[in-house]
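*Asks:* Sharing a structure here in structure tokens format.
The values are calculated or read from the model by the stated rules, or taken from the named source; none is laboratory data. Predicted model only: the values in this text are computed from it and were never measured. Don't worry about glycine lacking a Cβ; one is built from the backbone with ideal geometry, like all the others, and counts go over all protein chains shown.
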Amino acid sequence: MPPSIFNTLCSRFGENIFHEQLTRDETPTIWTPQGKIIAVLEYLRTDVEQPYRMFYDLTAIDERAIKAKYNGTGDFTLVYHLFSFERNAFVRLKVALRGEHPKHPSCTDLWPCANWYEREVFDMFGIVFEGHPLLKRILMPVTWEGHPLRKEHPARATEMGPFRLFDEKEDREQAALQFNPEEWGLKRQSEDSDFMFLNIGPQHPGTHGVLRIILQLDGEDIVDAVPDIGFHHRGAEKMGERQSWHTYIPYTDRIDYLGGVNNNLAYLLSVEKLAGIQIPERAEVIRVMLCELFRIASHLVWYGTFAQDVGQLSPVFYMFTDRERIFEIIEAICGGRMHPNWFRIGGVAQDLPNGWDTLVRGFVKYFPKKLKEYDKMVMRNALFKARTVGIGVFTLEEAIDWGATGPNLRACGMEWDMRKKRPYSGYEKYDFDIPTGQNGDCYDRAQVRVNEMWQSLRIIEQCLENMPAGPYKSDHPLTTPPIKQFTMQDIETLIHHFLNVSWGPVIPAGEAMIVTEATKGWNSYYLTSDGNTSPYRVRVRTPSFAHMQMLPYISRGYTVADMLSILGAMDYVLADIDR
């Protein structure tokens, strides 16, 4: 077993320049001097034994308002998360920055996917990355004033003046939306032809939401592409700073709005790690069953709309009908459908209702024959294969370089599923397989998701047959809302219940991040608490953001028609990208 990564870095760069921080999630967290960060990142990526090949996330924290600072903290902190498949481990690197608008070296030469993450930090915090190829806003309009995740930026509309659209402002906003190829380093012509620039979206059925893609075309062939995101941006991370730990749960439903309670789970696992809450076994099994039902529901939306994108009209109607069957189960258990907001800190909102098992058993029996029918209808269809086989190919090494996760990673032959490799919520107790592909093309990405629905059915059936008895929520004092049965027996319990419901729990100071295998890839909430009733910082790392950044790279040389196949096979959600 190799030495700890902290000791490895100390032996390589010197003992006195790094400082290790203990965190609730026990991820190695190492404070790194700003002048050494690029060398450290390069060493971790390529030279260290069992390297950290994946650039998982980059974000920042405005430290100027925090109550208890860690020793050495500056005005801002940059936080890098890297992942090593060989070690099956994350490492967290922190860099303290000082000044009103600090500057920091870019690492886009090491990882291409760092491009968008650095742009996001610049957009949200005003931190300038020197050496970045094109440092400009990514989620906010280019005309926006200020940096939203800085503490001085208003968190509520009531803290800002009323919005007025004057003629001059409208003209300025319209002018800012005009695409200028030279600003993006694109040429209008080559030696033998003029390029055409084509807008796909923001309103286009093939973009599955409000997404704009500007294509640089040489005839029908794609020379380059510029994804323009941010139309869905609602400030989900900023909202997390002004909601209580409890009242933020419904906001997570709307991130991957097809993934339902999978979003709740990623957030709550981090909260529960911070609070030291152990989840009862029954609550864990209920959570797993609901997550897998939503995984199938999400994949059915992808399956039907992908088939529609490449020319098949019928499948989407059949598959949405089956999705309704799942929603009938969700509604019977949770009371809600797409956004049930049903998981709670410490467990779930209520116990399973009478008859839940009849509904679930009926679906488990009904759905396999429908999957076989869809396989004949779509996956074996010659036209579907013609539009997907050999299209949008990327290798395993490229997938890791660009931060691809979930089915997009497994389609390249990597047998990696967080439910198996870093199990959470008791997933280690379930018997299921990890579907993989070999070619890394659109067809393999489709095949992996289809096979995943079979595996989700296996997990749901095991939940159905082995549902344990016991409480549906932990009795830990920080669960919210707390168990009510004793509130009328003594005044202390009543006061405690009242405060926990009205203010929410006071989560101990610290930080934690638990990564889950969501419907579209790895999802996580990196939470920082300063010992208050609200998070100090909420960072949402979504799979779709990383996947959309790959689009220009994997679409060059293909045609406009192929672009719709590539988009459909990616399986993204715009709110998952924009947050």
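*Asks:* Looking at Ala39, Ala60, Ala65, which is the one that is of a type in the set (A, V, I, L, M) and more than 21 Å from Pro112 (Cα to Cα)?
*Replies:* Ala65
*Asks:* I'm trying to understand the selection: among the residues of region 491-523, which are in contact with a strand residue (DSSP E or B) (Cβ under 9 Å, 6 or more places away or on another chain) and assigned to a helix (DSSP H, G or I)?
*Replies:* Scanning region 491-523 gives Asn500, Val501.
*Asks:* Just to check your reading of the model, which residue among Arg188, Arg164 is without any contact (Cβ under 8 Å) to a residue 12 or more places away in the chain and exposed (fewer than 10 other Cβ atoms within 10 Å of the Cβ)?
*Replies:* Checking each option against the conditions leaves just Arg164.
*Asks:* Select from region 325-368 the residues that are among the polar types (S, T, N, Q) and within 21 Å of Ala266 (Cα to Cα) and write down the one among them that is nearest to the chain's Cα centre (by Cα).
*Replies:* Just the residues of region 325-368 that are among the polar types (S, T, N, Q), to begin with: 341, 350, 354, 358.
Those left that are additionally within 21 Å of Ala266 (Cα to Cα): 341, 350.
Numbers: Asn341: 18, Gln350: 27 Å.
Out of the qualifying residues, it is Asn341.
*Asks:* Among the residues in region 319-334, are any part of a loop (DSSP other than H, G, I, E, B), touching a Lys or Arg at 6+ places or on another chain (Cβ under 7 Å) and not aromatic (Phe, Trp, Tyr)?
*Replies:* no
*Asks:* Do the conditions hold for Ala266, that is, is it more than 16 Å from Val506 (Cα to Cα) and not assigned by TED's automatic domain parsing to the domain that holds Tyr536?
*Replies:* no
*Asks:* Quick test for you: out of Gly304, Gly311, pick the one residue that is of a type in the set (Gly, Ala, Ser) and either free of Cβ contacts under 8 Å to residues at least 12 places away in the same chain or assigned to a helix (DSSP H, G or I) (or both).
*Replies:* Gly304
*Asks:* Let me ask something else about it. Is it the case that region 192-206 has a residue that's in contact (Cβ under 8 Å) with a residue 12 or more places away in the chain, exposed (fewer than 15 other Cβ atoms within 10 Å of the Cβ) and of a type in the set (D, E, K, R)?
*Replies:* For region 192-206, residues in contact (Cβ under 8 Å) with a residue 12 or more places away in the chain, exposed (fewer than 15 other Cβ atoms within 10 Å of the Cβ) and of a type in the set (D, E, K, R): absent.
*Asks:* Residues that are β-branched (Val, Ile, Thr), closer than 26 Å to Phe195 by Cβ and touching a residue at least 40 places away in the same chain (Cβ under 8 Å): list the helices (runs of 4 or more DSSP H) wholly contained in region 524-574 that include at least 3 such residues.
*Replies:* Hits in region 524-574: none.
*Asks:* Checking the condition surrounded by fewer than 18 Cβ atoms within 10 Å (Cβ to Cβ) and assigned by TED's automatic domain parsing to the domain that holds Gly276, which residue from Ile495, Ile507 passes? Let's see the steps before the verdict.
*Replies:* On the way: Ile507 fails: surrounded by fewer than 18 Cβ atoms within 10 Å (Cβ to Cβ).
Within the list Ile495, Ile507, the selection yields Ile495.
*Asks:* Something else about it: Tell me whether region 131-144 contains one or more residues that are of a type outside the set (S, T, N, Q), over 22 Å from the mean Cα position of the chain (by Cα), surrounded by fewer than 19 Cβ atoms within 10 Å (Cβ to Cβ) and farther than 27 Å from Tyr553 by Cβ.
*Replies:* yes
*Asks:* What number of residues within region 194-235 are of a type in the set (A, V, I, L, M) and not in a strand (DSSP E or B)?
*Replies:* 2
*Asks:* So Asp123 fits all but one of (1) free of Cβ contacts under 8 Å to residues at least 24 places away in the same chain; (2) in the same structural domain as His81 (by TED's automatic domain parsing); (3) assigned to a helix (DSSP H, G or I); (4) not hydrophobic (A, V, I, L, M, F, W, C); what number is the exception?
*Replies:* (1)
*Asks:* Among the candidates Lys376, Lys365, Lys370, which residue alone is more than 30 Å from Glu118 (Cβ to Cβ) and surrounded by 16 or more Cβ atoms within 10 Å (Cβ to Cβ)?
*Replies:* Checking each option against the conditions leaves just Lys370.
*Asks:* Hey, does region 452-470 have a residue that's farther than 30 Å from Ala399 by Cβ, surrounded by fewer than 23 Cβ atoms within 10 Å (Cβ to Cβ) and in contact with a strand residue (DSSP E or B) (Cβ under 8 Å, 6 or more places away or on another chain)?
*Replies:* Taking every residue of region 452-470 in turn, none turns out to be farther than 30 Å from Ala399 by Cβ, surrounded by fewer than 23 Cβ atoms within 10 Å (Cβ to Cβ) and in contact with a strand residue (DSSP E or B) (Cβ under 8 Å, 6 or more places away or on another chain).
*Asks:* A further question follows. Kindly indicate whether any position in region 310-319 is touching a Leu at 6+ places or on another chain (Cβ under 9 Å) and modelled with pLDDT of 90 or more.
*Replies:* Yes, that holds for at least one residue.
*Asks:* A further question follows. Assigned to a helix (DSSP H, G or I), in the same structural domain as Ile514 (by TED's automatic domain parsing), in contact (Cβ under 8 Å) with a residue 40 or more places away in the chain and farther than 30 Å from Met513 by Cβ: is that true of Met289 in this structure?
*Replies:* Values: assigned to a helix (DSSP H, G or I): yes; in the same structural domain as Ile514 (by TED's automatic domain parsing): yes; in contact (Cβ under 8 Å) with a residue 40 or more places away in the chain: yes; farther than 30 Å from Met513 by Cβ: no.
Considered against the rule, which asks whether it is assigned to a helix (DSSP H, G or I), in the same structural domain as Ile514 (by TED's automatic domain parsing), in contact (Cβ under 8 Å) with a residue 40 or more places away in the chain and farther than 30 Å from Met513 by Cβ, Met289 comes out as no.
*Asks:* Working only within region 425-446, note down all residues that are more than 23 Å from Leu300 (Cβ to Cβ) and without any contact (Cβ under 8 Å) to a residue 40 or more places away in the chain.
*Replies:* Glu428, Lys429, Asp431, Gln438
*Asks:* Test Leu149 against the stated conditions and say whether it is in a strand (DSSP E or B), of a type in the set (A, V, I, L, M), over 16 Å from Ile229 (Cβ atoms) and in contact (Cβ under 8 Å) with a residue 60 or more places away in the chain.
*Replies:* It is false that Leu149 is in a strand (DSSP E or B), of a type in the set (A, V, I, L, M), over 16 Å from Ile229 (Cβ atoms) and in contact (Cβ under 8 Å) with a residue 60 or more places away in the chain.
*Asks:* Here's another thing I want to ask about it. Scan region 223-236 for residues that are touching a helix residue (DSSP H, G or I) at 6+ places or on another chain (Cβ under 8 Å) and among the acidic types (Asp, Glu) and jot them down. Full working, then the answer.
*Replies:* From region 223-236, those touching a helix residue (DSSP H, G or I) at 6+ places or on another chain (Cβ under 8 Å) are 224-227, 229-234, 236; that's our starting set.
Hit for region 223-236 is Asp224, nothing else.
*Asks:* So which helices (runs of 4 or more DSSP H) are wholly in region 347-450 and hold at least 1 residues that are in the same structural domain as Pro471 (by TED's automatic domain parsing), among the charged types (D, E, K, R) and touching a strand residue (DSSP E or B) at 6+ places or on another chain (Cβ under 6 Å)?
*Replies:* Values: elements: 356-374, 382-388, 396-401, 407-410, 418-421.
The qualifying helices (runs of 4 or more DSSP H) are 418-421.
*Asks:* Is it true that Glu461 is free of Cβ contacts under 8 Å to residues at least 12 places away in the same chain, assigned by TED's automatic domain parsing to the domain that holds Cys334 and not in a loop (DSSP other than H, G, I, E, B)?
*Replies:* When the stated conditions are applied, Glu461 does not pass them.
*Asks:* State whether the residues of region 324-336 include one that is in contact with a helix residue (DSSP H, G or I) (Cβ under 8 Å, 6 or more places away or on another chain), surrounded by fewer than 18 Cβ atoms within 10 Å (Cβ to Cβ) and modelled with pLDDT under 90.
*Replies:* Yes.
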